[in-house]
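The values are calculated or read from the model by the stated rules, or taken from the named source; none is laboratory data. Since this is a predicted model, take the numbers as computed values, not measurements. Reconstructed Cβ throughout: ideal geometry from the backbone, glycine too, with neighbour counts over all protein chains shown.
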Amino acid sequence: MAEEMTGAACGLYETLPPLPRDPVPGMAYVPYQQWTGDLLPTDRALDAGTLFPALDKPFLGRRGEPR
């Protein structure tokens with residue numbers, strides 16, 4: 001059963017290396033969060049995934065329309 005879940009049963013991963021040969025390091029930008037005391041309402045915070053209004057960045061799909 002475990003072989004079926006990992007793809008080992010069909011030989012899918014036998015030739016693929018676990019990591020690329022020349023990995024490129026990634027860079028992250030994480031801005032400092034300033035405490036303003038303002039928090040999102042509970043229902044909106046659960047929907048947005050954050051309590052902080054400054055971190056509430058809704059995803060805009062094609063044409064800049066919210067999804």
Selection status of Ala9, modelled with pLDDT under 80, among the hydrophobic types (A, V, I, L, M, F, W, C) and at negative phi: yes
Close pairs (9 angstrom Cβ cut-off, 6 or more residues apart or separate chains): farther than 19 Å from Trp35 by Cα in the stretch 45-61, assigned to a loop (DSSP other than H, G, I, E, B) and of a type in the set (D, E, K, R) anywhere: Pro58/Arg67; Phe59/Arg67; Leu60/Arg67; Gly61/Arg67
Which numbered condition Leu60 misses (of (1) exposed (fewer than 10 other Cβ atoms within 10 Å of the Cβ); (2) modelled with pLDDT under 85; (3) under 17 Å from the mean Cα position of the chain (by Cα)): (1)
Hits in the stretch 13-42 - residues which are among the charged types (D, E, K, R) and closer than 12 Å to Ala54 by Cβ: Asp38
Selection count where residues are over 16 Å from the mean Cα position of the chain (by Cα) and modelled with pLDDT of 85 or more, scope the stretch 26-45: 9
